[in-house]
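The values are calculated or read from the model by the stated rules, or taken from the named source; none is laboratory data. Bear in mind the structure is a predicted one, so any value in this text is a computation, not a measurement. Heads up, the Cβs are rebuilt from the backbone with ideal geometry, glycines too, and the neighbour counts pull from every protein chain shown.
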Amino acid sequence: MAGITNGQFCSKMSVYGFDVLTIGGYNADKNAINAGLKIIERGRHEFNINENELYHHIEEEIKYIKSNTDYHGQVSVNLRSSSPKPIIEISKIKALDIIEINAHCRQPELIESGCGQALLENHKNLYDFISEVVKNCKKKVSVKIRANVSGVDNITIAKAINNAGADYIHVDAMKPGHDYADFSVIESIRNNVDLFIIGNNSIRDLESARRMISSGADGISIARAVINGTIPFDLSSV
Ligand SMILES: Cc1cc2nc3c(=O)[nH]c(=O)nc-3n(C[C@H](O)[C@H](O)[C@H](O)COP(=O)(O)O)c2cc1C
C-alpha cells in the first residue's frame, strides 16, 4: 500500500491478477489514532477513522472489493496498533482473509506511540503481541516489517514472527540510500525460517520482481509502482 489504498483503489487493482489486495494501514487504537492526528496536522493523508466506526468502515471497504465479481483473491487489512486487542477485534470481520500487523511504519509520531516500527524494538514483546493475535483470531496473520532498522536484527525478528505462529512475514527489504531492495535480507530470512515470505521494496518491473523471487521470497508486494492505479508489467510473467 502507498497512498490511498482503500476499497475503491483496490477494486480498481483487482483486474491485474493479484492474489491479495491490502487496504490500510488503518490507525486502530487510541495511540495510533492520536499519532495519526498529529501526522494529518503536518499535511499527510491518514486512515484515521473514529475507533467506534473502524470495524464497520473496514467491513464496508472489503465488501466493496469483493462485490467485484471478477476478483477471486484475498483481502488483507494492514493495522497500526500498540496493542493486540483492536487487531483481534477487526479480525472478526467475516469477509476479511488476512490481518496484517504493522511493525513497519516509521513516522516519528507512530513510533513514539509504540506503533509500527516501534514493535521491532523488543523481539520478546513482538513475539507476545503476535502470539496473542494468532491465538485469538481465526484469520491468517501477516506481520509487515521494515528490514535494516538500526539496532534491530532481521533474523531475530523473523524467528520471533515464525515462533509466534504467523502465516506470513511481509518484508520491506529497504536498502537505505538505494532505489532497489536489499535482496540479501530476503536470502538470509529464507535461510532461517520456513514462513511464507512476501518480498517488498522497489518492485517496478519484471526484473526486480523475478530477483525478489529468486532471492527466496514466495510472493511479492508492490506499493509505489502501482500508486497511479495501473501496474507497469505483466504479473503473470513473474
Ligand atoms: C504514501 C505511502 C504510504 C504508505 N503507507 C503504509 C502503511 O500504512 N502501512 C504499511 O505497511 N506500509 C505503508 N507504506 C509502505 C509501502 O507499503 C511499501 O512497503 C514501501 O513503499 C516499499 O515498497 P515499494 O517500493 O513497492 O513502494 C506506504 C508507502 C507510501 C509511499
Exactly one of (1) in contact (Cβ under 8 Å) with a residue 24 or more places away in the chain; (2) within 13 Å of the ligand (Cβ to nearest atom) is unmet by Glu51. Its number? (2)
Those residues of region 90-111 which are within 22 Å of Arg42 (Cα to Cα) and of a type outside the set (A, V, I, L, M), in sequence order: Asn102, His104, Cys105, Arg106, Gln107, Pro108, Glu109
Residues in region 139-146: is at least one buried (at least 24 other Cβ atoms within 10 Å of the Cβ) and of a type in the set (Ser, Thr, Tyr)? yes
Which one is nearest to the ligand (Cβ to nearest atom), of the residues in region 84-113 that are closer than 18 Å to Asn148 by Cα and polar (S, T, N, Q)? Asn102
Condition (residue is in a helix (DSSP H, G or I) and over 18 Å from the mean Cα position of the chain (by Cα)) applied to region 45-52: is it met by at least one residue? no
When residues of region 219-238 are filtered for being within 15 Å of Ile4 (Cβ to Cβ), under 14 Å from the mean Cα position of the chain (by Cα) and either part of a loop (DSSP other than H, G, I, E, B) or more than 13 Å from the ligand (Cβ to nearest atom) (or both), how many remain? 1
Reported set for region 43-57 where residues are surrounded by fewer than 11 Cβ atoms within 10 Å (Cβ to Cβ) and either among the polar types (S, T, N, Q) or within 9 Å of Asn27 (Cα to Cα) (or both) is Asn50, Asn52
Would you check if Arg190 is more than 22 Å from Phe129 (Cβ to Cβ) and within 15 Å of the ligand (Cβ to nearest atom)? no
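Using the structure shown, decide if Glu59 is within 14 Å of the ligand (Cβ to nearest atom), modelled with pLDDT of 95 or more and either assigned to a helix (DSSP H, G or I) or closer than 24 Å to Gly219 by Cβ (or both).
Numbers: within 14 Å of the ligand (Cβ to nearest atom): no; modelled with pLDDT of 95 or more: yes; either assigned to a helix (DSSP H, G or I) or closer than 24 Å to Gly219 by Cβ (or both): yes.
Considered against the rule, which asks whether it is within 14 Å of the ligand (Cβ to nearest atom), modelled with pLDDT of 95 or more and either assigned to a helix (DSSP H, G or I) or closer than 24 Å to Gly219 by Cβ (or both), Glu59 comes out as no.
Looking at Ser221, Ser214, Ser188, which one is at pLDDT 95 or above and either more than 19 Å from Lys144 (Cβ to Cβ) or in contact with a Leu (Cβ under 7 Å, 6 or more places away or on another chain) (or both)? Steps first, answer last, please.
Working: Ser221 fails: either more than 19 Å from Lys144 (Cβ to Cβ) or in contact with a Leu (Cβ under 7 Å, 6 or more places away or on another chain) (or both); Ser188 fails: either more than 19 Å from Lys144 (Cβ to Cβ) or in contact with a Leu (Cβ under 7 Å, 6 or more places away or on another chain) (or both).
Going through Ser221, Ser214, Ser188 in turn, the sole match is Ser214.
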